[in-house]
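Quick notes on the structure that follows.
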Amino acid sequence: MAVTSQVLRGLPRAKALLPCLLPCTHQLPHFGLVSHKSPSRCALSSRSYRTSSTLRSYILTPPQVNSILKANEYSFKIPEFDGKNVSAVAGFESNQLPANAPIEDRRSAATCLQTRGMLLGVFDGHAGCACAQALSERLFYYIAVSLLPHNTLCELEAAVEAGRALSPILQWHKHPNDYFSREAQTLYFSSLRTYWQELIDLTNPGEVPDTREALLNAFKRLDNDISLEAQVGDPNAFLHYWVLRVAFSGATACVAHIDGTDLFIANTGDARAVLGVQEEDGSFTAHTLSNDHSAQNESELARIRGEHPPSERKTVIRQDRLLGLLMPFRAFGDVKFKWGIELQKSVLESGPEQLHENEHTKFIPPNYHTPPYLTAEPEITYHQLRPQDRFVVIGSDGLWETLHRQEVVRIVGEYLTGVHQHQPLKVGGYKVTLGQMQGLLEERKARASSSFEDQNSSTHLMRHAVGNNEFGTVDHERLSKMLSLPEELARMYRDDITIIIAQFNPHVIGAQRQEEQS
């Protein structure tokens with residue numbers, strides 16, 4: 001989001017809180033403007049129910065609403081018998097809804113061909129989409145290489161040396177709208193090859209890679225490569241400009257690796273993964289698999305304050321933001337919060353001319369004394385799947401700002417099973433007449449027969465995230481208005497939303513657990 005809008009509106013949801021800076025255009029990268037994300041949920045709710053007269057939007061027809069909601073939906077079903085093994089994952093569905101123009105979220109899904117594990121990831125960019133884009137193309141390769149045994153790494157290197165075609169290590173599952181930057185592929189491959197060469201030196205024949213260590217190393221190494229590529233630059237002017245855009249923008253990442261009954265979540269930032277568990281009575285409960293790295297996380301506050309001198313205790317986190325600017329406390333890129341001041345100046349001075357057209361490249365965070373202040377190191381959690389674990393939802397924070405995790409799991413669970421677990425109708429603090437209550441009950445009855453019109457669970461969830469009214473039901477008029485907001489207003493009311501929902505095979509999980517225990 002350009003700073004112009006933030007200065008004029010003064011809204012805490014905007015990406016930057018730097019009213020002293022000059023406006024910039026959407027076409028230029030937002031170097032240094034790396035404040036991120038949302039106010040409290042209370043503040044969001046107060047905005048969510050503004051009167052319709054302030055929206056200046058249009059009433060869309062149901063087909064128009066569906067066209068917008070379904071534009072980026074994707075689904076992939078895994079054959080239950082693929083000739084090699086039976087998967088604990090039945091398939092996954094995903095979707096994206098922009099608020100920023102262009103959207104700053106990215107998503108990725110792929111199968112590791114060597115291990116048969118599945119990788120699913122949501123990447124939430126800020127200060128532009130460049131870093132999130134790079135993660136969506138690169139991170140899974142780093143994870144896959146980290147999971148390869150020593151002998152396979154040697155085979156890869158031998159094939160490159162001999163000029164032979166490489167055996168693929170990932171099967172990508174991409175939507176046609178998922179962008180792919182072909183110009184940078186040679187650079188990306190060179191960095192990846194250097195990484196696997198180092199892994200060859202560090203590992204021994206017969207060693208089995210540890211998944212937790214592989215995820216940790218992949219995250220840290222890619223962030224290091226993003227930083228190094230920006231420092232070295234590139235003879236190609238376009239690539240030089242691109243690597244700087246990637247490094248000076250930023251992105252959070254939440255990645256799931258599912259192999260058999262082993263579910264690992266590697267999280268850096270404030271995207272989130274939540275497990276949907278079906279109870280014996282058929283209802284669904286939410287089990288959170290990741291922690292947000294933000295000011296609401298006491299251990300993160302303690303970690304950051306402990307990494308810097310006592311003299312910075314009052315400045316390292318201000319207004320719940322890192323150095324008063326950045327809302328997530330862990331992220332890729334964002335070298336404005338990692339490099340020393342002299343390094344920043346020297347890289348920018350030797351950069352392409354486009355950098356000098358942007359006043360924000362000269363910006364240094366306030367109270368910047370003992371960098372780095374930011375890390376991309378993920379927090380990794382493990383969960384062994386059980387038959388009652390029915391699905392996992394991975395979403396950017398745009399989803400969790402609008403719906404509580406328990407509501408997310410209930411909506412998805414009811415969609416997948418086709419069974420509504422009706423709760424007592426709640427109207428919050430609103431005064432309603434008996435006639436209005438009857439209308440709400442009739443609306444809920446009608447919705448029960450038609451609410452599963454979506455063929456994609458993530459689209460269904462997104463419909464609720466954007467269209468829910470104060471009574472917890474999808475209001476078509478509200479949904480229409482929210483989807484027809486012009487781009488300069490959309491970001492005032494919500495963030496980009498990206499959702500991936502992976503569904504599990506309970507009978508396969510049960511059988512695999514019995515085999516493991518026998």
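Sticking with the crude label model, points 7 Å out along Cα→Cβ, report the distance from Glu407 to Ala302 in nm, one decimal please.
Going by the 7 Å Cα→Cβ label model, 3.2 nm.
At 1.4 Å probe size, what's the solvent-accessible area of Met492? Round to the nearest 10 Å².
It works out to around 30 Å².
Which ³J(HN,Hα) values, rounded to whole Hz and listed in residue order, are derived for segment 394-405 from phi using the Karplus coefficients 6.51, -1.76 and 1.60 in 6.51 cos²θ - 1.76 cosθ + 1.60 with θ = phi - 60°, glycine and proline given as x?
For segment 394-405, the Karplus-derived couplings read 10, x, 5, 5, x, 6, 6, 6, 9, 9, 5, 4 Hz, x marking Gly and Pro.
Loop-only check: which GluC sites (Glu not before Pro) in segment 279-346 are DSSP coil with at most 15 other Cβ within 10 angstrom? Don't skip to the answer; put the middle values down first.
Values: sites: Glu279, Glu280, Glu298, Glu300, Glu307, Glu312, Glu342; in loops: Glu279, Glu280, Glu307.
Filter output for segment 279-346: Glu279, Glu280, Glu307.
Would you pull out the residues with amide H under 5 Å of Val89's amide H, same chain only if 5 or more places away, H placed 1.01 Å from N?
Asn505
In debye, nearest 20: dipole of segment 264-375 around its Cα centre with unit charges on the Cβ of K, R (+) and D, E (-)? Could the numbers behind the result be given before it?
On the way: 12 positive and 16 negative charges, 113 e Å.
In debye, rounded to 20, segment 264-375 gives about 540.
Rank these residues by their accessible area, most exposed first, probe 1.4 Å: Cys154, Cys131.
Details: Cys154 50, Cys131 0 Å².
I get Cys154, Cys131, largest accessible area first.
Can you pull out the trypsin sites (Lys or Arg not before Pro) in segment 70-144 that DSSP calls coil and that have at most 11 other Cβ atoms within 10 Å?
Working: sites: Lys70, Lys77, Lys84, Arg106, Arg107, Arg116, Arg138; in loops: Lys70, Lys84, Arg116.
Those that pass, being in a loop and sparsely packed, are Lys84.
How high is the relative contact order of segment 61-201, in percent, counting Cα pairs under 8 Å that sit 6 or more residues apart? Display every interim value, and only then the final one.
Details: 147 pairs, mean separation 31.0, N = 141.
Once divided by the residue count of segment 61-201, the mean separation gives 22 percent.
Would you mind getting me the FRET efficiency between Gln171 and His369? Use the beta-carbon distance for r and R0 = 45 Å, nearest 0.05.
Details: r = 47 Å, r/R0 = 1.04.
Between Gln171 and His369 the formula returns 0.45.
Given the Cα-Cα distance of Ser350 and Val160 and 0.36 nm per residue of separation, how much length would full extension add, in nm? It would help to have the intermediate numbers written out before the result.
Working: separation 190, 0.36 × 190 = 68.40 nm, distance 3.28 nm.
Roughly 65.1 nm would be gained on extension.
If I ignore ligands, DNA and RNA and count only protein heavy atoms, how much of Arg386 is accessible to a 1.4 Å probe, in Å² to the nearest 10?
Looks like 70 Å² after rounding.
Using a 1.4 angstrom probe on the protein heavy atoms only, could you order Thr211, Thr498 from most to least accessible area? Intermediate values should be presented prior to the final figure.
Working: Thr211 30, Thr498 0 Å².
My answer, sorted largest first, is Thr211, Thr498.
Carbon and sulfur atoms: what percent of the 1.4 Å accessible area of segment 250-394 do they account for? Don't jump to the answer; show the numbers that get you there.
Numbers: 2600 of 5650 Å².
Carbon and sulfur atoms account for 46 percent of the accessible area of segment 250-394.
At 1.4 Å probe size, with no ligands or nucleic acids counted, give the accessible surface of Thr61 in Å², nearest ten.
Thr61 has an accessible surface of roughly 70 Å² with all protein chains in place.
The values are calculated or read from the model by the stated rules, or taken from the named source; none is laboratory data. Since we're looking at a predicted model, the values are computed, not measured. For neighbour counting, all protein chains shown are included, and Cβ atoms are generated from backbone atoms with ideal geometry for every residue, glycine included. Please note that ligands, DNA and RNA were not included when accessible areas were found on the heavy atoms of the full protein model with its side chains. Shrake-Rupley method; radii C 1.70, N 1.55, O 1.52, S 1.80 Å.
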